[in-house]
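Structure, as structure tokens:
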Amino acid sequence: MKRRQFIANTAGGATYMAMGSGILQACATDQKKHITILHTNDTHSHIDAIEANHPRYPNAGGVTRRAQLVEKIRRENEHTLLLDAGDIFQGTAYFNFYGGELEFKLMSHLKYDAATLGNHDFDNGIDGLYAQLPHAKFDFLIANYDFKNTVMNTHTKPYKVYVKDGIRIGIFGLGIQLDGLVTQKMYKETKFLDPIEIATDMSRILKEEEQCDLIICLSHLGYEYRNDPNKPSDMTVATATKNIDLIIGGHTHTFLERPTIVDNAEGKKVLVNQVGCWGINLGRVDFYFDSAKNSSAEGTSIIV
């Protein structure tokens, strides 16, 4: 059993996390492998940059700028994954006109590795979502939606293991309860499974059976519900489970300058991150592994 220790340092808008027997500086001297996780959430069909007269986010975002930023980071570190936490659809005329085709084509052009599904990804119905799948050259990961009796059956995966520089990275997805957010005729016979139970099972499989060195949950549950603490959220998943290293969230459009660090069910630390909406920010979390696969990490939110 490796002992893990996390250190938070909010200076400079980043979160620093050390895992292993030493502090971050000691761990850094033995860094061998560097994995970069980039992520977005709730882009809501925002292809262009936000208009110049917007009161809060003038000229922010835009897929072209995001592509340039992602490419720059990939040149710095080839061992990079690009992920999305759902609500790809709905929000601009691009979705109204193209039905999601453009969003998936552009994500494929940016070489996203995986995405999970949000409630707005069902806004053209499950058949509309299915119709756009040929344009998506990346994995859809969602473990707590049972699509058995729908057209989406076999077109998503509960999890996938990615290998970067010998580091095994297990990623699974969680979606929000669709009932109450989406009319039943839109998602048809999709069944919602308890996200805490599924996260517990997925993280165990990835840790014990798949022997993953890094476990990531792609979540569209929402960051936190203080008025309803029993409602599943990223924070409740983090505290109720074990083995998860990073939760990348969506749905609540929560702007975090840096990942939140919380204790899991075993008292070990978990990073929880979300970067707002509309492609305004790009999340970045860097993990560093030494020869014994002890790791340190730093995370931040980058304005696009």
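Split the chain at each of the GluC sites (Glu not before Pro) in a DSSP loop with at most 11 other beta carbon atoms within 10 Å, and the longest piece is 79-265. Rounded if a/c is under 1.5, else prolate if a/b is larger than b/c, else oblate: which is the stretch 252-304, with a ≥ b ≥ c the root eigenvalues of its Cα gyration tensor? Oblate is the answer for the stretch 252-304, as a/c is 1.5 or above yet b/c matches or exceeds a/b.
Taking other Cβ within 10 Å of each residue's Cβ, how do Phe122, Phe172, Phe147 sort, fewest first? Walk me through the intermediate numbers first.
Values: Phe122 24, Phe172 27, Phe147 20.
By the 10 Å Cβ count, ascending: Phe147, Phe122, Phe172.
Each residue, Phe255 and Arg226, gets one label point 7 Å from its Cα in the Cβ direction; the gap between the two is 1.7 nm. Extension gain, Asp201-Ala265: 0.36 nm per intervening residue step, less the Cα-Cα distance, totals 21.7 nm. In a fully extended conformation the segment linking His109 and Leu69 would gain 13.0 nm over its present Cα-Cα distance, using 0.36 nm per residue. Available extension along the chain between His155 and Arg168 is 2.4 nm, counting 0.36 nm per residue and deducting the alpha carbon span.
Counting every C-alpha pair in the stretch 44-194, the share spaced more than 28 angstrom apart comes to 24%. Annotation for the stretch 270-294 versus the stretch 69-94: alpha-carbon center distance of 13 Å. I want to check the label-to-label distance for Thr239 and Asp194. Put each point 7 Å from Cα in the C-beta direction and report it in nm to one decimal. Computed distance between label sites Thr239 and Asp194 equals 1.8 nm. The trypsin sites (Lys or Arg not before Pro) of the stretch 203-248 that DSSP puts in a loop, and whose beta carbon has at most 15 other beta carbons within 10 Å, are Arg226. The chymotrypsin sites (Phe, Trp or Tyr not before Pro) found in the stretch 34-107 include none that occupy coil by DSSP while having at most 15 further C-beta atoms within 10 Å. Past 22 Å, Cα to Cα: identify those pairs from Lys137/Lys164; Lys160/Lys207; Lys72/Lys160; Lys207/Lys269; Lys111/Lys160, in the order given. Those over the limit are Lys72/Lys160. Tell me the Kirkwood hydrodynamic radius of the chain in angstroms, computed as one over the mean inverse distance between distinct C-alpha pairs. That comes to 19.3 Å for the chain.
Sites listed here are trypsin sites (Lys or Arg not before Pro) in the stretch 42-93 whose DSSP assignment is loop and whose Cβ has at most 14 other Cβ atoms within 10 Å: Arg56. In the structure shown, the pairs Lys148/Lys231; Lys105/Lys231; Lys32/Lys191 are assessed against 32 Å; a Cα-Cα span above that value is assigned to Lys105/Lys231; Lys32/Lys191. Dividing the convex hull volume of the alpha carbon atoms of the stretch 214-281 by its residue count gives 82 Å³ per residue.
If you sort the three axes of the alpha carbon gyration tensor as a ≥ b ≥ c, you get a/c of 1.5 or more for the stretch 33-74 and a/b above b/c, which makes it prolate. Taking label positions 7 Å along the Cα-Cβ direction at both Asp127 and Asn59, the computed distance is 4.6 nm, reported to one decimal.
Sequence-distant contacts, meaning Cα pairs under 8 Å at least 6 residues apart, place the relative contact order of the chain at 23 percent. Could you bin all the Cα-Cα distances of the stretch 137-272 into 10 Å bins starting at 0 and give me the percent of pairs in each, rounded to whole numbers? In order of increasing distance, the bins hold 12, 42, 34, 11, 0 percent.
Where a number appears in this text, it was derived from the coordinates with a stated rule and is not lab data. Nothing here was measured: the structure is a model prediction, and the numbers come from that model. Glycine gets a Cβ as well: all are built from the backbone with ideal geometry, and neighbour counts include every protein chain shown.
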